[in-house]
Amino acid sequence: MAQSPKLADGAAPRLGKPLKRSFFGRSVHEVAPDLIGATLLVGGVGGIITEVEAYHHTDPAAHSFNGPTPRNRVMFGPPGFAYVYRSYGIHWCVNFVCEAEGSASAVLIRALEPTHGIAAMRRRRGLQEARSLCSGPGKLCEALGITIKHNELPLDTLPFALHARIGKAETIVGVRIGITKAVDLPWRYGLKGSRFLSKRF
């Protein structure tokens, strides 16, 4: 079972090597599980990625399935950029564009284990309990301060910073959440043993 890095005296765990845009220029089904255990920071605030979902352009649940629109145009561009959209008119959600330009595939970041800037997350979310700070795509965007202003920004340039996981992470696989199409595809990935998930697998 994978274990999260231990924090000493409240200090954040050490970070792995920075991930470059080239990391995302692969199949979305390779990138998604490889993001489990990586660290996502936005303006120095963030944590360990514990749950993601893959969306491919051939997938009817993907925003890109019916072609480009003003909202999803970044998905059709080169890999390694952020796609931020409003969900149900309420919450922001952040995705990482993958594969070659024109593929229009992306990984939705669903949950994090908070490790950096936890005080800022608590202030933004208006709660103290660490387990609930980033336990869902809308929650984590609120905690990290992600809004439409981050849409189309490169993932390897500030304010974004992504760091590879240190060591191995055992992943679990399940069906995606909150969709009505292609509901049986096992394209949701999580960190086995983590308490910081949006929903159990």
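Each reported figure results from applying straightforward, stated rules to the coordinates on display, with no laboratory input. Everything numeric here is computed off the predicted structure, so don't read it as measured data. Using ideal geometry, Cβ is built from the backbone for each residue, glycine included, and neighbour counts are taken over all protein chains shown.
Evaluate the relative contact order of the range 21-191 (contact order divided by residue number), counting alpha-carbon pairs under 8 angstrom at least 6 apart; express in whole percent.
It rounds to 30 percent for the range 21-191.
Counting only other residues whose beta carbon sits under 11 Å from that of I148, what net charge do I get with K and R as +1, D and E as -1?
Summing Lys and Arg as +1 and Asp and Glu as -1 gives +2.
Compute the distance from the alpha-carbon center of the range 92-145 to that of the range 27-88, in whole Å.
Computed from Cα coordinates, the inter-centre distance equals 11 Å.
Which one of L197, H63, T171 is farthest out on the positive end of the charge dipole of the chain, using unit charges on Cβ (Lys, Arg +1; Asp, Glu -1) and the Cα centre as origin?
Comparing the listed Cα positions along the dipole, L197 ranks first.
Quick check for me: using +1 on Lys/Arg Cβ and -1 on Asp/Glu Cβ, what's the dipole size of the range 125-196 about its Cα centre, in debye to the nearest 20?
Approximately 220 debye in magnitude.
May I ask you to derive the relative contact order of the range 19-87, considering only C-alpha pairs under 8 Å and at least 6 residues apart, and to give it as an integer percent?
It rounds to 29 percent for the range 19-87.
Can you give the % of DSSP beta bridges in the range 44-151 that are antiparallel, to the nearest 5?
100 percent
Charges only on Cβ, +1 for Lys and Arg, -1 for Asp and Glu: so what's the dipole of the chain about the Cα centre, in debye to the nearest 20?
That gives a dipole near 500 debye.
Among L40, L185, L158, what is the fewest-to-most ranking by other Cβ atoms within 10 Å?
L158, L185, L40
Taking the number of other C-beta atoms within 10 Å as the exposure measure, put L153, L112 in order starting with the fewest.
Fewest to most other Cβ atoms nearby, the residues stand as L153, L112.
I need the peptides 140-147, 68-75 ranked by packing, meaning the mean over residues of other C-beta atoms within 10 angstrom, with the highest value on top.
Top of the packing list down: 140-147, 68-75.
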